[in-house]
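Since the structure comes first, as structure tokens, the remarks are kept for the end.
A short reminder: the numbers here are calculations on the coordinates, not readings from a lab. Predicted model only: the values in this text are computed from it and were never measured. Positions of Cβ are backbone-derived with ideal geometry, glycine not excepted, and every protein chain shown enters the neighbour counts.
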């Protein structure tokens, strides 16, 4: 039967006539490889870096390519935001801090786990960094005794632009805020946050009202003003505002507080705010946070600002206006109230910094997270101690992150590393059962076995004793040191020893001694002398 088998694509295994002749006319060379021969001059393993500062948990290593070029200096890896990227991205910098020399500046190569070594080699090594893209853990974790909310609909929003599929606008359409995005907040600002219910004390929030400012309904629907500015004193308010509860109060009590509880950033309270819509838009502007069963309809979202509570809220509890901040508004030549969809701070306001002006121009200001809680239809209410927890799954590299490491000059083993190797001195096979399988590879007689001592330093003496304490043989390293040394199971008189248990004392002038016990079961063999 005529059969043919094809491996791979045609032509894969083509061997030219010249190549065939060259192969068959050359005598094969056998190269003997002794594994572990360079035990005390081994290839350098991947070197870890110490995380000095920053929230990220990414892995960084250095991969030694040329040990002879290693300097033994200290190095540092830092990061900077790639402002030209739409999605969150960073560059990293490698600096020799011993010589104060920047070796790599603004690299975007993240090759941790890759076997590639074709990147730039610096002073004997290449730097491999794990890519870390920011990610919020979803869904929120709820801790409550009696679920009073719709767990399916309740969610957290990140309205920044740089987290790809996690960047989202608020639900609904037709209004400026639900179509808005925020370019002020970035992924490097993510933090673990707890929204706690029932807290008393510092539980005030900024209040924004939708639909009351402007000359006509289309413009009014685009207005989300700080509530202290929605009064008859504001000439831009021309609609009936009798439906507004707590009129003129821009800072009101809420039943929740927000706290950063983060391994890196610590624990502190965040400033918060919430929204109320005009009645004709589906809201209930009574000055009391209550999202109802459909927070998307009522618009009563909770806004968690990326600013400590005490830095934003007025210290005087009677000061309910709180002017002089992006979140409330400014008094210049004219009074300018904050509009939550973004507004321009007048040039005559000298207290506003460039950062303030940038923040004010963005919808949501310096928002960190937006939380939409939809009540359940059971009519249950929150209880003191209820929590919503926003976890961060991946903290990205930030300008705060610093990693450092030190190479070993020339890549030589340290004394401690050599001592650890000396602890691994051993003998094999143990026990030896009259036959060493290695003889089949060396063409030695199978009935003339040996044992091998391994992991030996360069200068070594091995004394082999019987259990009675009789010294049988003394072994020393040959002129060309190797981490291996064989014993042919013969004493100083070149007679084979008997089966039994033996002791070997391995002595090093540098590292001390190690005692080994091993057993030998000799094959039957007629000895030549007696």
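I want to check the label-to-label distance for residue 391 and residue 459. Put each point 7 Å from Cα in the C-beta direction and report it in nm to one decimal.
5.7
What is segment 79-129 by shape, rounded, prolate or oblate, if you read a ≥ b ≥ c off the alpha carbon gyration tensor as root eigenvalues and call it rounded for a/c under 1.5, prolate for a/b larger than b/c, and oblate otherwise?
Numbers: a/c = 2.87, a/b = 1.26, b/c = 2.29.
Because a/c hits 1.5 or more and a/b fails to exceed b/c, segment 79-129 counts as oblate.
How far is it, in nm, from the label point at residue 361 to the one at residue 165 when both lie 7 Å from their Cα along the line to the Cβ?
Reported label-point gap for residue 361 and residue 165 is 3.3 nm.
Taking 41 Å as R0, compute the FRET efficiency from the Cβ-Cβ separation of residue 420 and residue 143 and round it to 0.05.
Values: r = 47 Å, r/R0 = 1.14.
With R0 = 41 Å, the Cβ-Cβ based efficiency is 0.30.
Exposure proxy check: 327, 74, 374, 51 ranked by fewest other beta carbons within 10 Å?
Details: 327 23, 74 14, 374 20, 51 17.
Exposure proxy ranking, most exposed first: 74, 51, 374, 327.
Let's test the formula: R0 of 35 Å, r as the Cβ-Cβ distance of residue 505 and residue 66. What FRET efficiency results, to the nearest 0.05?
Working: r = 39 Å, r/R0 = 1.12.
Given R0 = 35 Å and the Cβ-Cβ separation, E is 0.35.
Per 0.36 nm of contour for each residue apart, how much would the distance between residue 513 and residue 294 grow if the chain were fully extended, relative to their Cα-Cα spacing? Before the final figure, lay out the partial values.
Values: separation 219, 0.36 × 219 = 78.84 nm, distance 7.73 nm.
The span from residue 513 to residue 294 would gain 71.1 nm if fully extended.
For a bin width of 10 Å, list the pair-distance distribution of the chain built from all Cα-Cα distances, rounded to whole %.
Per 10 Å bin, starting at 0, the Cα pair percentages come out as 3, 13, 16, 13, 12, 11, 9, 9, 7, 4, 1, 0, 0.
By how many nm would the segment from residue 399 to residue 384 lengthen if fully extended, with 0.36 nm per residue of separation less the alpha-carbon distance?
Details: separation 15, 0.36 × 15 = 5.40 nm, distance 3.80 nm.
Taking residue 399 through residue 384 to full extension adds about 1.6 nm, to one decimal.
Sorted from fewest to most neighbouring beta carbons within 10 Å, what does the list 350, 231, 257 look like?
Working: 350 8, 231 15, 257 21.
Ordered from fewest to most neighbouring Cβ atoms within 10 Å, 350, 231, 257 come out as 350, 231, 257.
Mind computing the radius of gyration and Dmax over the alpha-carbon atoms of segment 415-520? Å is fine for both.
13.8, 41
Give me the number: length gained by fully extending residue 448 to residue 59, i.e. 0.36 nm times residue separation minus the C-alpha to C-alpha distance, one decimal in nm. Mind dumping the intermediate values first?
Numbers: separation 389, 0.36 × 389 = 140.04 nm, distance 5.14 nm.
Roughly 134.9 nm would be gained on extension.
Compute the distance in nm between two label points, each set 7 Å from the Cα along the Cα-to-Cβ direction, one at residue 268 and one at residue 130.
For the pair residue 268/residue 130, the computed spacing is 2.8 nm.
Given the DSSP H assignment, sum -39500 (n - 2.57) over each helix run of at least 4 residues in the chain and divide by its residue total; what's the result at 222 nm in deg cm²/dmol, nearest 500? Let's see the in-between values first.
Details: 7 runs with 40 residues, N = 530.
The per-residue figure over the chain is -1500 deg cm²/dmol.
Using the beta-carbon distance between residue 491 and residue 121 and R0 = 45 Å, what value does 1/(1 + (r/R0)^6) give for FRET efficiency, to the nearest 0.05?
Numbers: r = 53 Å, r/R0 = 1.18.
E(calc), rounded to 0.05, equals 0.25.
Which order do 196, 494, 463, 186 fall in if you start with the one that has the fewest other Cβ atoms within 10 Å? If you can, show how the numbers build up before the last one.
On the way: 196 21, 494 10, 463 15, 186 18.
Going from sparsest to densest Cβ surroundings: 494, 463, 186, 196.
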